[in-house]
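What follows is a short report on a single structure.
Bear in mind these aren't lab numbers, they're just calculated from the coordinates by the rules spelled out. All figures in this text were calculated on a predicted structure; none of them were measured in a lab. Backbone-built Cβ (ideal geometry, glycine too); neighbour counts: all protein chains shown.
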Amino acid sequence: MATTCDFVEADNAEAIITRIEHKSRKIESLLKQLKPVEALKTALEGSPPNTRDERCKSANWIVVHRALMAIKDVDGMFSSLDPEYYDILMKYLYRGLSTGDRPTCDQCLRIHEKLTERAGLGCILRSLADTVNTV
Amino acid sequence: MTAIAVHQFAHCITCHAWSPDHSMVAFCPNNNEVHIYKSLQDNWERVHVLQKHDQLISGIDWSVRSNRIVTASHDRNSYVWNLEGSEWVPTLVILRLNRAALCVQWSPKENKFAVGSGAKTVCICYYEQENNWWVSKLIRKRHDSSVTNVAWHPNNLLLATTSTDGKCRIFSTFIKGVDTKDSKAGTFSDSKFGELIVQLDLSFSWAFGVKWSASGNTLAYAGHNSMIYFVDEVGPSPLAQSVAFRDLPLRDILFVSERMVIGVGFDCHPMAFAADERGIWSFVRFLGEKKTASGSKYGSQFSEAFGKLYGQPRQGVGNDSVESSRLRGCVHENCINCIVPLKEPGGRGSTIKRFSTSGLDGKVVIWDLEGQDDLSQYL
């Protein structure tokens, strides 16, 4: 819920960065263990900080991007990804598409197709309407 | 198949309402008029055109007991229409708004009506005998955005509103001289006019289509993010459930029983939601997924037996490729924005078997839940 205030002070931002670094280390170790779906779950979890601080947002995106690009088998990913992650995953996919980077867009489109099949247009609407999670 | 009659009345319909005996339907064909059609034998004939508003009519409600029509319009006024002889005579209600009126509903006792508006305001209007005048009392500074829908609690005192600020709010509308203190409002009977009883912050996007169940125990409303919210024990500590669904968002909803809700909206198909034994709400299925007898001109008195006759053969057909037939064989071809119950005249029960929907495709469709085995357990 939107309990965090809209703008964070500098030390709050620092705390968020520390959290993201911690998340990043966890994802790296999961990727080394060849658990890309677990890594993606970790990336999507620990809700993205509700902050307008661009530094936090891009640091968080780098981590999620790393996990997102590690997904090779999209169908396999969905068989072990719970529906509760769908809305937030969709939101990150649009963030990925907005980068305009070719490999990122390719990957995001690939996942987007499967995700829309599974979660429907409602999922896209929820990701668009979501104002709590800034990605 | 549950759609038993489809009537193409206009190019687009913003809202509609039925006469107490369901022999007439009033709707706004996306302009400043209200058209009233009456069913005569096999076809529908236009019997009245109510012309008084200057701009688009956004809400119509037809009171059951007093047979009065109230309309709300973007011209910021309301009219109460009384049938005198064969003419509908309008009475202007000055709402004192500076933005469009968006929705209107009679209270259960029909001594008040509520208007939601783009002026972040709700008007509660009541009749003042001595001045022969409808007075509008405003609930101001409570909404942060337009009020999209209003719904009266069966106790005639509480009013629920949804707004484009994403919130659902419940107000007391106690008016001295109109309401009596001894009404069965329970704990809320002492509240003053305009007092905010509870504010529900479940949605983060526009909220639409608030409704109470017949008992007033459950409240439901839809969010523009393809979610529907159910609230039990409305009061200091409400119990809320959010249900996400996979299709386009809802614009309006209707409780057909304490355990089942029909939602209509941008998906063009009514959706059924139901609560299981533990009270957990979930999406059940779409209504009318199979191809329908479109263009059939049957009256609302259409017998139930005939409806079954039409329904069952088709029910067997459409099992193949649900997805594609769902898109082609729509009953409605555009967003549905209005759903109205068709209560049986003598029926005292709280379940509703029939209802009608209208939408941007200009159709009024009558639906019947009779003979739907999977849904009848929730009725």
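Figures for the structure shown
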quantity: Some residue of the range A:91-109 being under 29 Å from B:ASP267 (Cα atoms), within 14 Å of chain B (Cβ to nearest Cβ) and part of a helix (DSSP H, G or I); calculated: yes
quantity: Boolean, A:THR116 is among the polar types (S, T, N, Q), farther than 27 Å from A:ILE17 by Cβ and either within 14 Å of chain B (Cβ to nearest Cβ) or touching a His at 6+ places or on another chain (Cβ under 6 Å) (or both); calculated: yes
quantity: Unique residue being buried (at least 24 other Cβ atoms within 10 Å of the Cβ) and either more than 26 Å from B:ALA3 (Cβ to Cβ) or touching a Pro at 6+ places or on another chain (Cβ under 9 Å) (or both) when the list is B:ALA222, B:ALA240, B:ALA244, B:ALA214; calculated: B:ALA222
quantity: The range B:212-225, subset assigned to a strand (DSSP E or B) and within 14 Å of chain A (Cβ to nearest Cβ), residue nearest to B:ALA274 (Cα to Cα); calculated: B:ALA222
quantity: Checking B:GLY209 against (1) within 14 Å of chain A (Cβ to nearest Cβ); (2) assigned to a strand (DSSP E or B); (3) closer than 22 Å to B:PRO341 by Cβ; (4) not acidic (Asp, Glu), the condition it does not meet; calculated: (1)
quantity: Neighbours by Cβ (under 7 Å, 6+ apart or cross-chain): first from the range B:190-203, over 18 Å from B:LYS137 (Cβ atoms); second β-branched (Val, Ile, Thr) and assigned to a strand (DSSP E or B); calculated: B:VAL198/B:ILE170; B:LEU200/B:VAL231
quantity: Criterion violated by A:GLU54 - all others in (1) under 19 Å from A:SER24 (Cβ atoms); (2) surrounded by 15 or more Cβ atoms within 10 Å (Cβ to Cβ); (3) of a type outside the set (Lys, Arg) satisfied; calculated: (2)
quantity: Lone unmet requirement of (1) in contact with a helix residue (DSSP H, G or I) (Cβ under 8 Å, 6 or more places away or on another chain); (2) more than 12 Å from chain B (Cβ to nearest Cβ); (3) in a helix (DSSP H, G or I) for A:LYS72; calculated: (3)
quantity: Strands (runs of 3 or more DSSP E) lying entirely in the range B:85-137 (those with 2 or more residues that are surrounded by fewer than 17 Cβ atoms within 10 Å (Cβ to Cβ) and not hydroxyl-bearing (Ser, Thr, Tyr)); calculated: B:87-94
quantity: Matching strands (runs of 3 or more DSSP E) fully within the range B:226-277 where at least 1 residues are touching a residue at least 60 places away in the same chain (Cβ under 8 Å) and within 14 Å of chain A (Cβ to nearest Cβ); calculated: B:227-232, B:250-257, B:260-265
quantity: Those residues of the range B:19-42 which are in contact with a Cys (Cβ under 6 Å, 6 or more places away or on another chain) and not in a loop (DSSP other than H, G, I, E, B), in sequence order; calculated: B:CYS28, B:VAL34
quantity: Of all residues in the range A:124-135 being part of a helix (DSSP H, G or I) and at the interface with chain B (Cβ under 7 Å from one of its Cβ atoms), the one that is surrounded by the fewest Cβ atoms within 10 Å (Cβ to Cβ); calculated: A:ALA129
